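Undergrad: First, the structure itself, so that you have it in front of you.
The values are calculated or read from the model by the stated rules, or taken from the named source; none is laboratory data. What you see is a predicted model, and the numbers here were worked out from it, not measured in a lab. Cβ placement follows ideal geometry from the backbone for every residue including glycine, while neighbour counts extend to all protein chains displayed.
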Amino acid sequence: MKTLTKIFLTGSIVLSSLFANAQKFELNDKGFPTTKGIIEYAKYQEKTKEAINEFNKKFNFNSEEAKIIPTNLIDYLDEENYSFEELGLYFYGDREILIEKNEVYYGYSLKELNTELRQRLIEGGDFLKGTIMHEFGHYAVCQIAENLKSTKIKPLEYYSPRPFSMKKETFGSKFIEEGIAEYCSWKMNEVLFGKTPYVPKNLEELLDTSNVRDIYYEYSVYYLKDFLDNLGFKTGVEILITNEPPTKDEILHPEKYFSRLKFGELRFNFAKYAGKTLKPRWE
Ligand SMILES: [Zn+2]
(Lines give C-alpha, C1' and ligand atoms only; values in the text may rest on other atoms or scores of the structure.)
Protein backbone atom coordinates (compact mmCIF):
# COMPACT_ATOMS: atom_id res chain seq x y z
CA MET A 1 0.00 0.00 0.00
CA LYS A 2 1.06 3.46 -0.73
CA THR A 3 0.64 6.20 1.78
CA LEU A 4 0.39 9.87 1.35
CA THR A 5 3.49 11.78 2.24
CA LYS A 6 3.58 15.34 3.35
CA ILE A 7 4.17 18.19 1.05
CA PHE A 8 5.99 21.25 2.26
CA LEU A 9 5.77 24.35 0.21
CA THR A 10 7.80 27.35 1.13
CA GLY A 11 5.35 29.85 -0.23
CA SER A 12 1.96 30.08 -1.80
CA ILE A 13 2.13 29.57 -5.50
CA VAL A 14 -0.18 28.85 -8.34
CA LEU A 15 0.75 25.28 -9.05
CA SER A 16 -0.82 24.90 -12.44
CA SER A 17 1.27 27.68 -13.92
CA LEU A 18 4.44 25.94 -12.90
CA PHE A 19 4.08 22.73 -14.86
CA ALA A 20 6.78 22.59 -17.45
CA ASN A 21 4.79 20.98 -20.19
CA ALA A 22 1.22 21.05 -21.32
CA GLN A 23 -0.70 18.30 -19.57
CA LYS A 24 -2.18 15.47 -21.48
CA PHE A 25 -4.59 14.79 -18.66
CA GLU A 26 -7.01 17.04 -16.88
CA LEU A 27 -6.04 19.10 -13.83
CA ASN A 28 -8.29 20.92 -11.41
CA ASP A 29 -7.86 24.60 -10.62
CA LYS A 30 -5.20 23.77 -8.00
CA GLY A 31 -3.20 21.88 -10.58
CA PHE A 32 -4.03 18.43 -9.22
CA PRO A 33 -5.22 15.48 -11.32
CA THR A 34 -9.01 15.22 -11.54
CA THR A 35 -10.99 12.00 -11.30
CA LYS A 36 -11.73 12.22 -15.02
CA GLY A 37 -8.02 12.64 -15.73
CA ILE A 38 -7.09 9.73 -13.44
CA ILE A 39 -9.56 7.45 -15.24
CA GLU A 40 -8.17 8.53 -18.60
CA TYR A 41 -4.63 8.02 -17.37
CA ALA A 42 -5.49 4.43 -16.40
CA LYS A 43 -7.04 3.85 -19.84
CA TYR A 44 -3.94 5.32 -21.45
CA GLN A 45 -1.77 2.93 -19.44
CA GLU A 46 -3.92 0.00 -20.46
CA LYS A 47 -3.54 0.94 -24.10
CA THR A 48 0.15 1.87 -24.18
CA LYS A 49 1.56 -0.18 -21.24
CA GLU A 50 3.95 2.74 -20.84
CA ALA A 51 4.42 2.49 -17.06
CA ILE A 52 4.84 -1.28 -16.89
CA ASN A 53 7.26 -1.24 -19.83
CA GLU A 54 9.34 1.41 -18.05
CA PHE A 55 9.21 -0.63 -14.86
CA ASN A 56 10.34 -3.82 -16.59
CA LYS A 57 13.14 -2.02 -18.35
CA LYS A 58 14.38 -0.27 -15.23
CA PHE A 59 14.37 -3.39 -13.05
CA ASN A 60 15.24 -5.88 -15.76
CA PHE A 61 12.02 -7.64 -14.92
CA ASN A 62 9.17 -9.25 -16.78
CA SER A 63 6.01 -8.34 -14.93
CA GLU A 64 2.81 -10.19 -15.64
CA GLU A 65 -0.06 -8.14 -16.91
CA ALA A 66 -2.14 -6.32 -14.33
CA LYS A 67 -5.17 -4.17 -14.91
CA ILE A 68 -4.98 -0.68 -13.42
CA ILE A 69 -8.37 0.16 -11.96
CA PRO A 70 -9.25 3.62 -10.63
CA THR A 71 -11.71 3.29 -7.78
CA ASN A 72 -12.82 4.51 -4.36
CA LEU A 73 -10.38 2.61 -2.21
CA ILE A 74 -12.59 3.00 0.83
CA ASP A 75 -14.91 0.41 -0.73
CA TYR A 76 -12.14 -2.18 -0.61
CA LEU A 77 -10.86 -1.74 2.89
CA ASP A 78 -12.58 -2.45 6.15
CA GLU A 79 -12.34 0.13 8.87
CA GLU A 80 -9.46 -1.66 10.49
CA ASN A 81 -7.31 -1.54 7.38
CA TYR A 82 -8.45 1.75 5.98
CA SER A 83 -6.69 4.99 6.50
CA PHE A 84 -7.43 8.12 4.49
CA GLU A 85 -3.91 7.90 3.20
CA GLU A 86 -4.20 4.72 1.16
CA LEU A 87 -3.62 5.43 -2.50
CA GLY A 88 -3.19 2.02 -4.03
CA LEU A 89 -3.85 -1.67 -3.49
CA TYR A 90 -2.96 -4.82 -5.38
CA PHE A 91 -4.72 -8.12 -5.81
CA TYR A 92 -2.19 -10.47 -7.23
CA GLY A 93 -4.57 -13.39 -7.82
CA ASP A 94 -6.98 -11.16 -9.71
CA ARG A 95 -4.18 -9.46 -11.65
CA GLU A 96 -5.42 -6.08 -10.48
CA ILE A 97 -3.87 -2.89 -9.24
CA LEU A 98 -6.37 -0.49 -7.71
CA ILE A 99 -5.65 3.20 -7.53
CA GLU A 100 -7.53 5.94 -5.73
CA LYS A 101 -9.60 7.91 -8.22
CA ASN A 102 -10.29 10.92 -6.02
CA GLU A 103 -8.29 14.12 -6.25
CA VAL A 104 -5.51 13.05 -3.90
CA TYR A 105 -2.44 13.23 -6.12
CA TYR A 106 -0.08 16.11 -6.48
CA GLY A 107 0.40 15.38 -10.16
CA TYR A 108 0.42 12.61 -12.72
CA SER A 109 4.19 12.27 -12.61
CA LEU A 110 6.93 13.94 -10.61
CA LYS A 111 8.84 14.37 -13.86
CA GLU A 112 6.27 16.89 -15.02
CA LEU A 113 7.24 19.39 -12.34
CA ASN A 114 9.54 22.13 -13.45
CA THR A 115 12.68 23.10 -11.55
CA GLU A 116 11.08 25.93 -9.64
CA LEU A 117 8.31 23.85 -8.15
CA ARG A 118 10.69 20.98 -7.56
CA GLN A 119 12.86 23.27 -5.47
CA ARG A 120 9.90 24.50 -3.48
CA LEU A 121 8.75 20.98 -2.90
CA ILE A 122 11.20 20.00 -0.21
CA GLU A 123 10.00 16.43 -0.01
CA GLY A 124 7.11 14.11 -0.63
CA GLY A 125 4.12 14.68 -2.79
CA ASP A 126 2.20 11.71 -4.08
CA PHE A 127 2.11 11.27 -7.80
CA LEU A 128 -0.16 8.94 -9.70
CA LYS A 129 2.66 7.33 -11.61
CA GLY A 130 4.71 6.93 -8.43
CA THR A 131 1.76 5.18 -6.80
CA ILE A 132 1.44 2.85 -9.78
CA MET A 133 5.19 2.09 -9.62
CA HIS A 134 4.88 1.38 -5.89
CA GLU A 135 2.05 -1.08 -6.54
CA PHE A 136 3.96 -2.66 -9.45
CA GLY A 137 6.74 -3.16 -6.90
CA HIS A 138 4.41 -5.09 -4.58
CA TYR A 139 3.10 -6.97 -7.57
CA ALA A 140 6.62 -7.94 -8.63
CA VAL A 141 7.33 -9.26 -5.11
CA CYS A 142 4.24 -11.50 -5.47
CA GLN A 143 5.42 -12.76 -8.83
CA ILE A 144 8.94 -13.45 -7.56
CA ALA A 145 7.52 -15.30 -4.53
CA GLU A 146 5.17 -17.32 -6.74
CA ASN A 147 8.03 -18.34 -9.03
CA LEU A 148 10.16 -19.35 -6.06
CA LYS A 149 7.52 -21.78 -4.82
CA SER A 150 8.56 -24.36 -7.39
CA THR A 151 12.18 -24.22 -6.22
CA LYS A 152 13.88 -25.51 -3.09
CA ILE A 153 14.18 -22.00 -1.69
CA LYS A 154 10.74 -21.03 -0.44
CA PRO A 155 9.46 -17.52 0.23
CA LEU A 156 8.53 -17.12 3.89
CA GLU A 157 4.96 -16.61 5.07
CA TYR A 158 5.71 -13.08 6.25
CA TYR A 159 5.79 -11.87 2.68
CA SER A 160 3.38 -11.56 -0.23
CA PRO A 161 1.46 -12.95 -1.97
CA ARG A 162 -1.34 -13.57 0.47
CA PRO A 163 -4.58 -11.86 1.34
CA PHE A 164 -4.12 -9.49 4.30
CA SER A 165 -5.88 -11.87 6.64
CA MET A 166 -3.37 -14.66 6.02
CA LYS A 167 -0.28 -12.55 6.25
CA LYS A 168 2.05 -13.29 9.13
CA GLU A 169 3.27 -9.75 8.83
CA THR A 170 5.78 -8.43 11.31
CA PHE A 171 7.17 -4.95 11.82
CA GLY A 172 10.25 -6.12 9.94
CA SER A 173 8.48 -7.83 7.04
CA LYS A 174 6.27 -4.80 6.45
CA PHE A 175 9.37 -2.61 6.61
CA ILE A 176 11.05 -4.72 3.93
CA GLU A 177 8.02 -5.11 1.70
CA GLU A 178 7.05 -1.45 1.75
CA GLY A 179 10.70 -0.59 1.30
CA ILE A 180 10.93 -2.69 -1.86
CA ALA A 181 7.75 -1.09 -3.26
CA GLU A 182 8.82 2.45 -2.43
CA TYR A 183 12.32 1.75 -3.76
CA CYS A 184 10.61 1.12 -7.12
CA SER A 185 8.93 4.55 -7.06
CA TRP A 186 12.16 6.15 -6.00
CA LYS A 187 14.27 4.48 -8.69
CA MET A 188 11.72 5.62 -11.25
CA ASN A 189 12.22 9.19 -9.97
CA GLU A 190 8.65 9.43 -8.80
CA VAL A 191 9.44 10.19 -5.15
CA LEU A 192 11.12 13.27 -3.83
CA PHE A 193 12.89 12.78 -0.51
CA GLY A 194 14.63 15.46 1.53
CA LYS A 195 18.37 15.99 1.19
CA THR A 196 19.28 13.47 3.84
CA PRO A 197 17.22 10.39 4.57
CA TYR A 198 15.35 9.98 7.81
CA VAL A 199 17.23 7.49 9.99
CA PRO A 200 15.81 6.44 13.39
CA LYS A 201 18.46 6.77 16.08
CA ASN A 202 17.10 4.37 18.65
CA LEU A 203 14.26 2.00 19.50
CA GLU A 204 12.15 4.78 20.90
CA GLU A 205 12.28 6.65 17.60
CA LEU A 206 11.62 3.48 15.66
CA LEU A 207 8.48 2.78 17.65
CA ASP A 208 7.20 6.34 17.79
CA THR A 209 3.98 6.23 15.78
CA SER A 210 4.54 9.71 14.45
CA ASN A 211 7.55 8.33 12.55
CA VAL A 212 5.65 5.49 10.86
CA ARG A 213 5.60 7.05 7.42
CA ASP A 214 9.25 8.05 7.54
CA ILE A 215 10.26 4.57 8.63
CA TYR A 216 8.16 2.47 6.25
CA TYR A 217 8.39 4.74 3.21
CA GLU A 218 11.72 6.51 3.48
CA TYR A 219 14.17 4.87 5.85
CA SER A 220 13.25 1.48 4.35
CA VAL A 221 14.31 2.70 0.90
CA TYR A 222 17.56 4.02 2.27
CA TYR A 223 18.09 0.73 4.12
CA LEU A 224 17.57 -1.39 1.00
CA LYS A 225 18.87 0.74 -1.85
CA ASP A 226 22.51 -0.38 -1.92
CA PHE A 227 21.55 -4.01 -1.53
CA LEU A 228 18.98 -3.94 -4.34
CA ASP A 229 21.15 -1.77 -6.55
CA ASN A 230 24.08 -4.14 -6.20
CA LEU A 231 22.33 -7.50 -6.26
CA GLY A 232 19.78 -6.50 -8.87
CA PHE A 233 16.06 -6.19 -8.18
CA LYS A 234 14.97 -9.80 -8.73
CA THR A 235 17.89 -11.50 -6.96
CA GLY A 236 17.75 -8.95 -4.15
CA VAL A 237 14.04 -9.52 -3.59
CA GLU A 238 14.51 -13.31 -3.73
CA ILE A 239 17.08 -13.07 -0.97
CA LEU A 240 14.97 -10.72 1.15
CA ILE A 241 11.78 -12.78 1.04
CA THR A 242 13.47 -16.11 1.74
CA ASN A 243 15.15 -14.90 4.93
CA GLU A 244 13.57 -14.12 8.28
CA PRO A 245 12.56 -10.44 8.35
CA PRO A 246 14.78 -8.02 10.27
CA THR A 247 14.18 -7.59 13.98
CA LYS A 248 13.81 -4.06 15.33
CA ASP A 249 17.45 -4.13 16.38
CA GLU A 250 18.45 -5.20 12.87
CA ILE A 251 16.38 -2.38 11.41
CA LEU A 252 18.41 0.05 13.49
CA HIS A 253 21.64 -1.76 12.60
CA PRO A 254 21.48 -2.75 8.93
CA GLU A 255 24.83 -4.55 8.97
CA LYS A 256 23.45 -7.08 11.46
CA TYR A 257 20.58 -7.96 9.13
CA PHE A 258 22.49 -8.01 5.87
CA SER A 259 25.35 -10.06 7.27
CA ARG A 260 23.04 -12.94 8.26
CA LEU A 261 21.23 -13.23 4.95
CA LYS A 262 21.73 -16.27 2.80
CA PHE A 263 20.32 -17.58 -0.40
CA GLY A 264 19.91 -21.32 -0.53
CA GLU A 265 23.31 -22.67 0.32
CA LEU A 266 24.86 -19.45 -0.77
CA ARG A 267 26.09 -17.08 1.83
CA PHE A 268 28.48 -14.29 1.20
CA ASN A 269 29.10 -10.89 2.60
CA PHE A 270 25.79 -9.26 1.81
CA ALA A 271 26.58 -6.60 4.40
CA LYS A 272 28.99 -5.22 1.88
CA TYR A 273 26.05 -4.38 -0.35
CA ALA A 274 23.79 -2.86 2.24
CA GLY A 275 22.82 0.76 2.79
CA LYS A 276 24.64 1.15 6.05
CA THR A 277 26.59 4.28 5.36
CA LEU A 278 27.16 6.15 8.58
CA LYS A 279 26.56 9.53 7.07
CA PRO A 280 23.08 9.30 5.66
CA ARG A 281 22.71 10.72 2.21
CA TRP A 282 20.84 9.89 -0.95
CA GLU A 283 22.75 9.15 -4.08
ZN1 LIG B 1 2.77 -0.40 -0.22
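Undergrad: When both residues are 6+ apart or on different chains and their Cβ atoms are under 8 Å apart, which pairs have a first residue that lies in the range 168-186 and is in contact (Cβ under 8 Å) with a residue 24 or more places away in the chain and of a type in the set (A, V, I, L, M), and a second that is within 10 Å of the ligand (Cβ to nearest atom) and outside any helix (DSSP H, G or I)?
TA: Listed by first residue and then by second, the contacts come to 181/2.
Undergrad: Answer yes or no as to whether residue 211 is within 22 Å of residue 158 (Cβ to Cβ), part of a helix (DSSP H, G or I) and modelled with pLDDT under 95.
TA: On the way: within 22 Å of residue 158 (Cβ to Cβ): yes; part of a helix (DSSP H, G or I): yes; modelled with pLDDT under 95: yes.
Criteria met by residue 211.
Undergrad: What pairs come out if I take residues in the range 124-143 that are in contact (Cβ under 8 Å) with a residue 12 or more places away in the chain and farther than 12 Å from residue 185 by Cβ and pair them with residues that are within 12 Å of the ligand (Cβ to nearest atom) and assigned to a helix (DSSP H, G or I) whose C-beta lies under 7 Å away, six or more apart or interchain?
TA: Here the result reads 141/177; 141/180, each pair linking the range 124-143 to a residue that is within 12 Å of the ligand (Cβ to nearest atom) and assigned to a helix (DSSP H, G or I).
Undergrad: Could you give me the residue pairs with C-beta distances under 7 Å whose first residue belongs to the range 198-216 and is over 24 Å from residue 126 (Cα atoms), whose second residue is of a type in the set (S, T, N, Q) wherever it lies, and which are 6+ apart or on separate chains?
TA: Every condition considered, the pairs that remain are 205/211.
Undergrad: Would you confirm whether or not the range 67-79 contains a residue that is under 25 Å from residue 228 (Cβ atoms) and either at pLDDT below 95 or more than 15 Å from the chain's Cα centre (by Cα) (or both)?
TA: There is at least one residue in the range 67-79 that is under 25 Å from residue 228 (Cβ atoms) and either at pLDDT below 95 or more than 15 Å from the chain's Cα centre (by Cα) (or both).
Undergrad: Quickly run through the range 226-283 and pick out the residues that are of a type in the set (Phe, Trp, Tyr), outside any loop (DSSP other than H, G, I, E, B) and in contact (Cβ under 8 Å) with a residue 24 or more places away in the chain.
TA: 227, 233, 258, 263, 270, 273
Undergrad: Being modelled with pLDDT under 90 and either loosely packed, with under 13 Cβ neighbours inside 10 Å or under 17 Å from residue 132 (Cβ atoms) (or both) is the requirement here; does residue 58 meet it? Give the steps one after another, and end with the answer.
TA: Working: modelled with pLDDT under 90: no; either loosely packed, with under 13 Cβ neighbours inside 10 Å or under 17 Å from residue 132 (Cβ atoms) (or both): yes.
It is false that residue 58 is modelled with pLDDT under 90 and either loosely packed, with under 13 Cβ neighbours inside 10 Å or under 17 Å from residue 132 (Cβ atoms) (or both).
Undergrad: Could I ask something else about it? Return only the number of the condition from (1) out of contact with any helix residue (DSSP H, G or I) (no Cβ under 9 Å at 6 or more places or on another chain); (2) more than 15 Å from the ligand (Cβ to nearest atom) that residue 201 does not satisfy.
TA: Unmet condition: (1).
Undergrad: State all residues of the range 28-45 that are without any contact (Cβ under 8 Å) to a residue 60 or more places away in the chain and surrounded by 15 or more Cβ atoms within 10 Å (Cβ to Cβ); if no residue qualifies, say none.
TA: Within the range 28-45, 40, 42, 44 qualify.
Undergrad: Restricting to the range 171-198, count the residues that are more than 12 Å from the ligand (Cβ to nearest atom) and closer than 22 Å to residue 158 by Cβ.
TA: 3
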